[in-house]
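Reading through the structure tokens given below for one structure.
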Amino acid sequence: MKLIIETTYDNISEDWLKWYIKRMKNAEVLPGSTKIADDLNVFGSAEFSSKDPSSGTIALTKYKIIT
């Protein structure tokens, strides 16, 4: 199983994945992480976009679970 964000966590266990998603859900470790955690649990993937308030730059981060 893999969790791909911008970094790939290879050869993860189901327990590790549950811990990681629970951590995001409970701690809001980054903006939008509770929604990301919900989408990962339901759909196995998620996306988060943000705009730099000082420029036109938009960032898109994609999350995907591969079993």
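By how many degrees, between 0 and 90 and to the nearest 10, does the Cα long axis of helix 33-43 differ from the longest principal axis of the chain?
Roughly 50 degrees between the two axes.
In degrees, nearest 10, range 0 to 90: what is the angle between the Cα axis of helix 14-27 and the longest Cα principal axis of the chain?
40
Return the inverse of the average 1/r over all pairs of distinct C-alpha atoms in the chain, which is the Kirkwood hydrodynamic radius, in Å to one decimal.
On the way: mean 1/r = 0.0800 Å⁻¹.
Kirkwood radius, the chain: 12.5 Å.
If you take the beta carbon distance between Lys18 and Ala59 as r and set R0 to 25 Å, what does 1/(1 + (r/R0)^6) give as a FRET efficiency, to the nearest 0.05?
With a Förster radius of 25 Å, E is 0.40.
Return Leu30, Leu17 ranked ascending by Cβ neighbour count within 10 Å, so the fewest neighbours appear first.
Fewest-to-most Cβ neighbours within 10 Å comes out as Leu30, Leu17.
Mind checking the full-extension length gain between Lys2 and Ser50? Use 0.36 nm per residue of separation minus the Cα-Cα distance, one decimal, nm. Don't skip to the answer; put the middle values down first.
Numbers: separation 48, 0.36 × 48 = 17.28 nm, distance 2.46 nm.
Value of the extension gain: 14.8 nm.
About the Cα centre, and with charges only on the beta carbon of Lys, Arg (+1) and Asp, Glu (-1), how big is the dipole of the chain? Nearest 20 debye, please. It would help to have the intermediate numbers written out before the result.
On the way: 9 positive and 9 negative charges, 15 e Å.
So the dipole magnitude of the chain works out to roughly 80 debye.
Readers should treat all values here as calculations from the given coordinates under stated rules, not as data from a laboratory. All of these numbers come straight from a predicted model, not from anything done at the bench. Don't worry about glycine lacking a Cβ; one is built from the backbone with ideal geometry, like all the others, and counts go over all protein chains shown.
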